[in-house]
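Beneath this line is the structure, given in structure tokens, with notes to follow.
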Number of protein chains: 2
Amino acid sequence: MTEQLPPDVIAQLTGLDSAITPELVATSWALLKPFHDKVGYAAPKIDRDRRYGDHERHRLDVHTSGEEAGAPVLVFVHGGGFVGGDKVVPGTPQYDHIGAWAVRNGWVGVTITYRLAPEHTWPSGAQDVAAAVQWVRDNIAAYGGDPGRIVVAGHSAGCVHVASYLAGQGGGTLDGVRGAGLLSGFYQIPDGASRGELEVSYFGDRPSTEVNSLPGLLDSEVPLIFAIAQRDPRFSQGQIVALTEAWFARKGTVPPVIWSEGHNHISQIGSIGVDDLALGAQLARFVNRVTQSSPRGDDPPNPDDRR
Amino acid sequence: MTEQLPPDVIAQLTGLDSAITPELVATSWALLKPFHDKVGYAAPKIDRDRRYGDHERHRLDVHTSGEEAGAPVLVFVHGGGFVGGDKVVPGTPQYDHIGAWAVRNGWVGVTITYRLAPEHTWPSGAQDVAAAVQWVRDNIAAYGGDPGRIVVAGHSAGCVHVASYLAGQGGGTLDGVRGAGLLSGFYQIPDGASRGELEVSYFGDRPSTEVNSLPGLLDSEVPLIFAIAQRDPRFSQGQIVALTEAWFARKGTVPPVIWSEGHNHISQIGSIGVDDLALGAQLARFVNRVTQSSPRGDDPPNPDDRR
């Protein structure tokens, strides 16, 4: 059944200032929570705080129904401006709702957290995604997941970390990673004074040429799907413009982008489970397509066309 | 219920050469037809060949259940390279399936045909769309449609005509037009020798500055939604790139674009009714949003954001 938010809630979500502020976070989640309460945002089984590394923040939760066997695995990486956020935000559905949605779709869900800036800087995020994915390879069969059918998705700063991992910036391998969802992140940042405060806390003054993930994404053999929210702020919107130009120059097509109608930067990830047509339905379609029982789900070759 | 095509059919559709040829049309529809047969592609009532003008091709069909009252009206304009196509293509679901889908969504469906090139040239397509919309204003209440809640959608050459109408190239008015769907068309063409044969048949050698719809679309107060198919040919893909750049420069956001995963130029419009997540579900969401009972469904103002 397709869940859909009522028009008055959409109007409120889209009417908020688009800047990513604590107010946007609080107001958006307050609007969404009743719908999550109704749908339910806890998978039947949640194994909390499995350790995927030595640091206190190297923790992840595994969400299952208890009945999975050889199921695809969705690994989700939260946002928080590089300096905050967590896999569970008490009093809100974050981000158990992603695990619950994964299980409803027949997959195993894994929600991770990771080391934060300013104490930990680039490429710690990519390293942590790589380590979490390795933990999944090593351990997920016991939960009924298939280590050869992993999809990694990240939102906001989490998207930046996933992109960074895909671009090879954090080491590790891509074995078993059948696809990745890059949700309202960024793929290149300016140098110098234009760099925002949160970006400086994580990237420092490392040159863009060192930290940008876009070149690596263009080279990636892992199928990707991007998302942008209707009311994402200008900086995020511009990332899709730059991505589109670079992707077309390289591949002759537009990149796969889900446009999340009726949502802002925060409510976009909050829409999972309660407003399927904004993001979740297409993301699920992608996950199911790339985890089909075949080798890495590459797109068919794109023959030269006559125009 | 969400209709979805099986993966093997998607694989075949996406494996075809992307060029828009009779072979693409025939093969795509052959793959889709069994699914349309199963879902059904005829609305309960179809009033055929209502005349919206003096020319033999000024004909449209009205699709209803017979129970509509004050319903939104979806007007659909088919493609065919400016020189062909029709609202009904015998032996295929085209394009009754659009009317049937409209009715299942609670709207009145109107499928039109129009004058063709080379006999009729720019701006005849826009003029015919304008005339058909006027007919709808004057007559649709008798079918249970609301003349103040019209959405116009076009595919391929039909999309070009709708864009042209929206840009004011065909006269008429936009009264009651609450939104428009622009599906795999183009919004600017090159001058001179780069112009394709079919474009020459319709546009002749009129300068791009005269015939391009993109500037008018950027100025449009009518909410728009675009679509591009994963396997649309390069020229069509490039249109979305140019649109994205121009839209962002004007509005600071990406344009609303539905990316039709798993489909080629032809199967994209054929997916309506049988593969909801490719195009139909999001298009329906758009239609319902813009035809809500309020003045023209404009997006909320986009406050300046800090980044």
Exercise. Of all the residues that make up the range A:41-90, how many are in a loop (DSSP other than H, G, I, E, B) and either within 26 Å of residue A:160 (Cβ to Cβ) or among the acidic types (Asp, Glu) (or both)?
Worked result: 23
For this session: Answer yes if at least one residue in the range A:262-285 is more than 10 Å from every other protein chain (Cβ to nearest Cβ), in a strand (DSSP E or B) and either surrounded by fewer than 24 Cβ atoms within 10 Å (Cβ to Cβ) or at pLDDT 95 or above (or both), and no otherwise.
Result: yes
Problem set entry | Filter result (open to solvent by 40 Å² or more (accessible area, probe 1.4 Å) and hydrophobic (A, V, I, L, M, F, W, C)) within the range B:29-38 | B:30, B:35
Exercise. If only one of A:77, A:73, A:62, A:39 is modelled with pLDDT of 95 or more and within 22 Å of residue A:197 (Cβ to Cβ), which one is it?
Worked result: A:77
Problem set entry | Qualifying position, being within 12 Å of chain A (Cβ to nearest Cβ) and more than 23 Å from residue B:191 (Cβ to Cβ), among B:244, B:253 | B:253
Problem set entry | All positions within the range B:162-195 that are closer than 18 Å to residue B:112 by Cα, hydrophobic (A, V, I, L, M, F, W, C) and surrounded by fewer than 23 Cβ atoms within 10 Å (Cβ to Cβ) | B:174
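Please specify each residue of the range B:132-150 satisfying the condition of being of a type outside the set (Gly, Ala, Ser), open to solvent by less than 10 Å² (accessible area, probe 1.4 Å) and within 25 Å of residue B:212 (Cβ to Cβ).
Listed by number, the residues that qualify are B:133, B:150.
Against the definition (assigned to a strand (DSSP E or B) and touching a Gly at 6+ places or on another chain (Cβ under 9 Å)), how does residue B:97 come out, yes or no? Spell out the reasoning first.
On the way: assigned to a strand (DSSP E or B): no; touching a Gly at 6+ places or on another chain (Cβ under 9 Å): yes.
No; evaluated as a whole, the condition is false for this residue.
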Problem set entry | Those residues of the range A:90-104 which are over 11 Å from residue A:63 (Cβ atoms) and in contact (Cβ under 8 Å) with a residue 40 or more places away in the chain, in sequence order | A:92, A:93, A:94
For this session: Run residue A:20 past the list (1) in contact with a helix residue (DSSP H, G or I) (Cβ under 9 Å, 6 or more places away or on another chain); (2) of a type in the set (Val, Ile, Thr); (3) surrounded by fewer than 20 Cβ atoms within 10 Å (Cβ to Cβ) and report the number of the one that doesn't hold.
Result: (3)
For this session: Identify, from the list B:31, B:24, the residue that is part of a helix (DSSP H, G or I), among the aliphatic types (A, V, I, L, M) and away from chain A (no Cβ under 14 Å).
Result: B:31
Exercise. Given the structure, is residue A:13 assigned to a helix (DSSP H, G or I), within 14 Å of chain B (Cβ to nearest Cβ), among the hydrophobic types (A, V, I, L, M, F, W, C) and crowded, with 17+ Cβ neighbours inside 10 Å?
Worked result: yes
Exercise. If you go through the range A:39-68 one residue at a time, how many are at positive phi, open to solvent by less than 60 Å² (accessible area, probe 1.4 Å) and in contact with a strand residue (DSSP E or B) (Cβ under 8 Å, 6 or more places away or on another chain)?
Worked result: 1
Exercise. Among the residues of the range A:174-226 satisfying the criterion of being away from chain B (no Cβ under 14 Å) and among the β-branched types (Val, Ile, Thr), which is farthest from the chain's Cα centre (by Cα)?
Worked result: A:209
Exercise. Looking at residue B:206, is it over 23 Å from residue A:262 (Cβ atoms), among the basic types (Lys, Arg) and not in a helix (DSSP H, G or I)?
Worked result: yes
For this session: For residue A:221, indicate whether it is among the acidic types (Asp, Glu) and under 23 Å from residue A:145 (Cα atoms).
Result: yes
For this session: Please work out if residue B:86 is farther than 11 Å from residue B:73 by Cα, in contact with a Gly (Cβ under 8 Å, 6 or more places away or on another chain) and at pLDDT 95 or above.
Result: yes
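Answer yes or no as to whether residue B:85 is open to solvent by 20 Å² or more (accessible area, probe 1.4 Å) and under 17 Å from the mean Cα position of the chain (by Cα).
yes
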For this session: Kindly check whether there is at least one residue in the range A:223-238 that is open to solvent by 30 Å² or more (accessible area, probe 1.4 Å), part of a loop (DSSP other than H, G, I, E, B) and farther than 30 Å from residue A:109 by Cα.
Result: no
Seminar exercise, completed: Across (1) modelled with pLDDT of 95 or more; (2) at negative phi, residue A:191 clears everything bar (1)
Exercise. Would you pick out the residues in the range B:69-80 that are over 16 Å from residue B:151 (Cα atoms) and open to solvent by 20 Å² or more (accessible area, probe 1.4 Å)?
Worked result: B:69, B:80
Problem set entry | Hits in the range A:239-260 (condition: open to solvent by 10 Å² or more (accessible area, probe 1.4 Å) and in contact (Cβ under 8 Å) with a residue 24 or more places away in the chain) | A:239, A:242, A:246, A:247, A:250, A:251, A:253, A:256, A:257, A:259
Exercise. Does residue B:153 satisfy the condition of being open to solvent by less than 10 Å² (accessible area, probe 1.4 Å), of a type in the set (Gly, Ala, Ser) and not in a helix (DSSP H, G or I)?
Worked result: yes
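The values are calculated or read from the model by the stated rules, or taken from the named source; none is laboratory data. Model, not experiment: these values are computed from the prediction. So basically every Cβ, Gly included, is an ideal-geometry build from the backbone, and we count neighbours across all protein chains shown. What goes into the accessible areas is simple: the full protein's heavy atoms, side chains included, and nothing from ligands, DNA or RNA. Shrake-Rupley method; radii C 1.70, N 1.55, O 1.52, S 1.80 Å.
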